[in-house]
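Below is one structure, written out as C-alpha coordinates; the observations come after it.
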Amino acid sequence: SFFLMVTLMILVGATWMGLYLAKRITRPVQLLAAAAKEIGAGHLEHRVVPETTDEFGSLIEAFNSMAGDLATSRRRLERSAVDLERKHQEVEGRRRYVETILERIATGVVSVDAGGRIGTINNAAVRLLGVDGSTSGLPASAVFGRAELKPLAILIDEASRSRTELRPQEVAITRDGRDMHLAVMTTPLTRDDGVSEGVVLVFDDV
(Lines give C-alpha, C1' and ligand atoms only; values in the text may rest on other atoms or scores of the structure.)
Protein backbone atom coordinates (compact mmCIF):
# COMPACT_ATOMS: atom_id res chain seq x y z
CA SER A 1 0.00 0.00 0.00
CA PHE A 2 2.83 2.34 0.83
CA PHE A 3 4.61 1.74 -2.48
CA LEU A 4 1.30 2.01 -4.35
CA MET A 5 0.59 5.35 -2.70
CA VAL A 6 4.08 6.61 -3.52
CA THR A 7 3.65 5.46 -7.12
CA LEU A 8 0.32 7.25 -7.41
CA MET A 9 1.83 10.43 -5.97
CA ILE A 10 4.66 10.24 -8.48
CA LEU A 11 2.20 9.71 -11.34
CA VAL A 12 -0.02 12.57 -10.19
CA GLY A 13 2.99 14.85 -9.74
CA ALA A 14 4.42 13.92 -13.14
CA THR A 15 1.04 14.46 -14.82
CA TRP A 16 0.58 17.82 -13.13
CA MET A 17 4.10 18.88 -14.05
CA GLY A 18 3.54 17.79 -17.65
CA LEU A 19 0.29 19.72 -17.90
CA TYR A 20 1.93 22.77 -16.32
CA LEU A 21 4.86 22.70 -18.74
CA ALA A 22 2.53 22.08 -21.69
CA LYS A 23 0.40 25.05 -20.67
CA ARG A 24 3.49 27.27 -20.43
CA ILE A 25 4.30 26.28 -24.02
CA THR A 26 0.86 26.19 -25.63
CA ARG A 27 -0.69 29.27 -24.01
CA PRO A 28 1.85 31.78 -25.48
CA VAL A 29 1.51 30.08 -28.86
CA GLN A 30 -2.29 30.36 -28.67
CA LEU A 31 -2.01 34.02 -27.65
CA LEU A 32 0.31 34.71 -30.59
CA ALA A 33 -2.00 32.88 -33.00
CA ALA A 34 -5.00 34.90 -31.80
CA ALA A 35 -2.99 38.12 -31.99
CA ALA A 36 -1.85 37.27 -35.54
CA LYS A 37 -5.49 36.91 -36.56
CA GLU A 38 -6.27 40.33 -35.05
CA ILE A 39 -3.35 41.88 -36.92
CA GLY A 40 -4.45 40.18 -40.12
CA ALA A 41 -7.94 41.64 -39.63
CA GLY A 42 -6.45 45.14 -39.54
CA HIS A 43 -6.43 45.69 -35.77
CA LEU A 44 -2.81 46.82 -35.67
CA GLU A 45 -3.15 48.25 -32.16
CA HIS A 46 -3.64 44.77 -30.69
CA ARG A 47 -0.87 43.66 -28.33
CA VAL A 48 -0.02 40.51 -26.35
CA VAL A 49 0.86 40.84 -22.67
CA PRO A 50 3.94 38.67 -21.95
CA GLU A 51 3.44 36.33 -19.00
CA THR A 52 7.01 35.03 -18.79
CA THR A 53 10.50 36.35 -19.32
CA ASP A 54 11.85 33.28 -21.11
CA GLU A 55 12.16 32.67 -24.84
CA PHE A 56 8.39 32.85 -25.28
CA GLY A 57 8.37 36.23 -23.54
CA SER A 58 11.06 37.45 -25.94
CA LEU A 59 9.02 36.12 -28.86
CA ILE A 60 5.94 38.03 -27.66
CA GLU A 61 7.99 41.21 -27.25
CA ALA A 62 9.27 40.81 -30.81
CA PHE A 63 5.69 40.27 -32.03
CA ASN A 64 4.51 43.43 -30.24
CA SER A 65 7.42 45.37 -31.74
CA MET A 66 6.51 44.11 -35.21
CA ALA A 67 2.86 45.09 -34.69
CA GLY A 68 3.96 48.55 -33.56
CA ASP A 69 6.11 48.96 -36.67
CA LEU A 70 3.18 47.90 -38.87
CA ALA A 71 0.88 50.39 -37.17
CA THR A 72 3.44 53.16 -37.64
CA SER A 73 3.89 52.25 -41.31
CA ARG A 74 0.14 52.27 -41.89
CA ARG A 75 -0.21 55.71 -40.29
CA ARG A 76 2.58 56.98 -42.52
CA LEU A 77 0.90 55.48 -45.58
CA GLU A 78 -2.42 57.05 -44.62
CA ARG A 79 -0.77 60.45 -44.20
CA SER A 80 1.03 60.01 -47.52
CA ALA A 81 -2.24 59.08 -49.21
CA VAL A 82 -3.92 62.19 -47.80
CA ASP A 83 -1.01 64.39 -48.93
CA LEU A 84 -1.02 62.76 -52.37
CA GLU A 85 -4.76 63.30 -52.73
CA ARG A 86 -4.40 66.94 -51.71
CA LYS A 87 -1.56 67.49 -54.19
CA HIS A 88 -3.57 65.74 -56.89
CA GLN A 89 -6.48 68.09 -56.24
CA GLU A 90 -4.13 71.08 -56.36
CA VAL A 91 -2.62 69.92 -59.66
CA GLU A 92 -6.07 69.20 -61.07
CA GLY A 93 -7.22 72.68 -60.02
CA ARG A 94 -4.21 74.29 -61.68
CA ARG A 95 -4.82 72.25 -64.83
CA ARG A 96 -8.43 73.38 -65.05
CA TYR A 97 -7.32 76.96 -64.35
CA VAL A 98 -4.74 76.88 -67.15
CA GLU A 99 -7.16 75.22 -69.56
CA THR A 100 -9.80 77.85 -68.81
CA ILE A 101 -7.33 80.64 -69.50
CA LEU A 102 -6.12 79.01 -72.72
CA GLU A 103 -9.67 78.65 -74.00
CA ARG A 104 -10.54 82.29 -73.21
CA ILE A 105 -7.51 84.17 -74.53
CA ALA A 106 -7.31 85.44 -78.11
CA THR A 107 -3.73 84.21 -78.52
CA GLY A 108 -3.22 80.88 -80.25
CA VAL A 109 -1.34 78.26 -78.24
CA VAL A 110 -0.16 74.90 -79.57
CA SER A 111 2.03 72.42 -77.70
CA VAL A 112 3.91 69.60 -79.40
CA ASP A 113 5.39 66.77 -77.32
CA ALA A 114 8.79 65.14 -77.78
CA GLY A 115 7.23 62.52 -80.03
CA GLY A 116 6.06 65.16 -82.47
CA ARG A 117 2.37 64.91 -81.57
CA ILE A 118 0.10 67.82 -80.71
CA GLY A 119 -0.70 67.90 -77.01
CA THR A 120 -2.71 71.11 -76.62
CA ILE A 121 -4.40 73.40 -79.11
CA ASN A 122 -6.78 76.11 -77.90
CA ASN A 123 -9.79 77.62 -79.62
CA ALA A 124 -7.87 80.70 -80.76
CA ALA A 125 -5.31 78.50 -82.53
CA VAL A 126 -8.08 76.50 -84.20
CA ARG A 127 -9.70 79.73 -85.40
CA LEU A 128 -6.50 81.41 -86.59
CA LEU A 129 -5.08 78.35 -88.36
CA GLY A 130 -8.34 76.96 -89.69
CA VAL A 131 -7.63 73.45 -88.44
CA ASP A 132 -9.89 70.89 -86.83
CA GLY A 133 -10.36 71.22 -83.08
CA SER A 134 -9.87 67.48 -82.61
CA THR A 135 -6.23 67.53 -83.76
CA SER A 136 -4.94 66.84 -80.26
CA GLY A 137 -2.88 63.66 -80.36
CA LEU A 138 -2.25 63.83 -84.10
CA PRO A 139 1.28 64.17 -85.54
CA ALA A 140 2.25 67.83 -85.93
CA SER A 141 3.68 67.01 -89.35
CA ALA A 142 0.20 66.00 -90.52
CA VAL A 143 -1.51 69.09 -89.11
CA PHE A 144 1.11 71.60 -90.23
CA GLY A 145 2.07 69.72 -93.39
CA ARG A 146 -0.28 71.79 -95.54
CA ALA A 147 1.48 74.28 -97.77
CA GLU A 148 -0.21 77.32 -96.15
CA LEU A 149 1.00 76.26 -92.67
CA LYS A 150 4.50 75.23 -93.74
CA PRO A 151 6.18 78.28 -92.11
CA LEU A 152 4.87 77.15 -88.72
CA ALA A 153 6.12 73.60 -89.32
CA ILE A 154 9.59 75.04 -90.02
CA LEU A 155 9.53 77.01 -86.74
CA ILE A 156 8.47 73.93 -84.79
CA ASP A 157 11.29 71.93 -86.33
CA GLU A 158 13.83 74.65 -85.47
CA ALA A 159 12.58 74.91 -81.89
CA SER A 160 12.76 71.12 -81.50
CA ARG A 161 16.47 71.18 -82.32
CA SER A 162 17.20 74.28 -80.24
CA ARG A 163 17.94 74.37 -76.51
CA THR A 164 17.08 78.05 -76.05
CA GLU A 165 14.03 80.16 -76.69
CA LEU A 166 13.90 81.50 -80.23
CA ARG A 167 13.34 85.17 -80.88
CA PRO A 168 9.83 86.24 -81.96
CA GLN A 169 9.23 86.03 -85.68
CA GLU A 170 6.54 87.20 -88.04
CA VAL A 171 5.33 84.67 -90.56
CA ALA A 172 2.68 84.84 -93.25
CA ILE A 173 0.18 82.08 -93.88
CA THR A 174 -2.66 81.86 -96.36
CA ARG A 175 -6.24 81.61 -95.11
CA ASP A 176 -9.21 81.60 -97.46
CA GLY A 177 -7.20 83.14 -100.27
CA ARG A 178 -5.74 86.01 -98.22
CA ASP A 179 -2.49 86.44 -96.34
CA MET A 180 -2.52 86.41 -92.56
CA HIS A 181 0.50 87.70 -90.66
CA LEU A 182 1.25 86.05 -87.33
CA ALA A 183 3.67 87.11 -84.62
CA VAL A 184 5.04 83.74 -83.46
CA MET A 185 7.03 82.79 -80.36
CA THR A 186 8.40 79.24 -80.22
CA THR A 187 9.72 77.92 -76.92
CA PRO A 188 11.42 74.53 -76.54
CA LEU A 189 10.47 72.59 -73.41
CA THR A 190 13.47 70.94 -71.74
CA ARG A 191 13.91 69.14 -68.44
CA ASP A 192 16.60 70.02 -65.91
CA ASP A 193 18.82 67.31 -67.40
CA GLY A 194 18.51 68.87 -70.86
CA VAL A 195 16.18 66.27 -72.36
CA SER A 196 13.63 67.79 -74.73
CA GLU A 197 9.96 67.43 -73.83
CA GLY A 198 8.55 69.25 -76.85
CA VAL A 199 7.76 72.74 -78.09
CA VAL A 200 5.18 75.41 -77.30
CA LEU A 201 4.00 77.64 -80.15
CA VAL A 202 2.33 80.96 -79.24
CA PHE A 203 1.08 83.31 -81.97
CA ASP A 204 -1.12 86.37 -82.51
CA ASP A 205 -2.75 87.82 -85.62
CA VAL A 206 -1.01 91.14 -86.33
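Figures for the structure shown
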read-out	value
Residue-averaged 222 nm ellipticity for the chain, from DSSP H runs of 4+ at -39500 (n - 2.57), nearest 500	-19000 deg cm²/dmol
Selection from I118, A14, L59 lying farthest towards where the dipole of the chain points positive, charges on Cβ	A14
Linear extension gain, T107 paired with I154, 0.36 nm per residue minus alpha-carbon span	14.9 nm
Rounded to whole Å, sorted largest first: equivalent-ellipsoid semi-axes of region 120-190, Cα gyration tensor	20, 15, 11
Stretch gain in nm, segment A183-S80, where the contour uses 0.36 nm per residue and the Cα spacing is subtracted	32.5 nm
Nearest-0.05 FRET efficiency for E38 and T72, computed from C-beta distance (R0 22 Å)	0.85
Gained length - I10 relative to E92, 0.36 nm times residue gap less alpha-carbon distance	21.5 nm
GNM top mover of G13, G115, G133 - the chain, alpha-carbon springs below 10 Å	G13
Over region 64-156, volume per residue of the alpha carbon convex hull, in Å³	122
Per residue, in Å², the accessible surface of the chain once ligands and nucleic acids are set aside, probe 1.4 Å	67
Compactness relative to 2.2 N^0.38 Å, alpha carbon Rg of the chain	2.25
Average projection area in nm² (convex hull over Cα atoms of region 1-120, one quarter of hull surface)	14.0
Sequence ranges 45-55, 121-131, ranked by mean other-Cβ count within 10 angstrom, highest first	121-131, 45-55
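The values are calculated or read from the model by the stated rules, or taken from the named source; none is laboratory data. The shown structure was predicted, so the numbers you read here are calculated from the model rather than taken from an experiment. In this analysis, Cβ positions are derived from the backbone assuming ideal geometry, glycine residues included, and neighbour counts consider all displayed protein chains. Just the protein is used for accessible areas: all its heavy atoms, side chains included, with ligands, DNA and RNA removed. Shrake-Rupley method; radii C 1.70, N 1.55, O 1.52, S 1.80 Å.
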